[in-house]
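**Q** The structure under discussion is supplied below as structure tokens; questions concerning it will follow.
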Amino acid sequence: MHETVIAESLLAAISQEAAKQSAKPIAAKISCGTFNTVNDEILRFAFTAAAKGTPCENVKLQIEHKPIQGQCQKCKQNFDVESPDKRCPHCGSGDFQLLPDAPLVLEEIEFE
Ligand SMILES: [Zn+2]
């Protein structure tokens, strides 16, 4: 029921911003990490249920999953750990540390 809690906090954040701007929100963009297991469909469903009857009722959620990042131990640059050879794209070193998964963030709200 992790998604219900997220949906409620998103709704609270969007409602607050909408009240501040006295505008009707139509879409919201959020991002989250790869291992931060948010199920898009369940989250959308939970959000729709939570937003029913509020000014956020028709807000469309856009969910972006960010790839895991690594930090190269040699040149200290961060990069997306996606490539199969898992090497730093900056210096080619295979010595890197995985960074913590990205948190769930409300990136932007679109108003009418
Ligand atoms: Zn490097």
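**Q** Can you give me the angle between helix 40-51 and the longest principal axis of the chain, using Cα atoms only, in degrees from 0 to 90, rounded to the nearest 10?
**A** So the inclination is approximately 30 degrees.
**Q** Moving on. Counting other beta carbons within 10 Å of each Cβ, put 91, 72 in order, fewest first.
**A** Going from least to most buried by this count: 91, 72.
**Q** Beyond a 32 Å Cα-Cα separation, which of these cross-linked pairs lie in this structure: 24/66; 20/66; 20/52; 60/86?
**A** Too far apart for the 32 Å limit: 60/86.
**Q** Hey, another quick one. Please order 106, 61 by the number of other Cβ within 10 Å, starting at the fewest.
**A** So the residues, fewest neighbours to most, are 106, 61.
**Q** Further question: At 222 nm, what helix-only mean residue ellipticity would the chain give, in deg cm²/dmol to the nearest 500, using -39500 (n - 2.57) for each DSSP H run of four or more?
**A** -9500 deg cm²/dmol
**Q** Go ahead and run the numbers for FRET between residue 110 and residue 74, Cβ-Cβ distance against an R0 of 30 Å, rounding to 0.05.
**A** Given R0 = 30 Å and the Cβ-Cβ separation, E is 0.15.
**Q** Counting other Cβ atoms within 10 Å of each Cβ, which trypsin sites (Lys or Arg not before Pro) in the range 27-112 have at most 16 and sit in a DSSP loop?
**A** Those satisfying the criteria are 52, 74, 76, 86.
**Q** Let me ask something else. Once each part is reduced to its C-alpha centroid, what is the distance from the range 87-101 to the range 11-51 in angstrom?
**A** 32 Å
**Q** Per 10 Å bin from zero, what fraction in whole % of the C-alpha pairs of the chain is there, up to the bin with the longest pair?
**A** 14, 37, 22, 17, 9, 0
**Q** While we're here: Taking 0.36 nm per intervening residue step and subtracting the Cα-Cα distance, what contour gain separates residue 41 from residue 16 on full extension?
**A** 6.6 nm
**Q** Now for a separate question. So how do 15, 22, 93 line up by other beta-carbon neighbours within 10 Å, fewest first?
**A** Taking fewest neighbouring Cβ atoms as first place, the list is 22, 93, 15.
No lab work stands behind these numbers, since they all come straight from the coordinates. This structure is a prediction, so every number in the text was calculated from the model and none was measured. Virtual Cβ from ideal backbone geometry, glycine too; neighbours counted across all protein chains shown.
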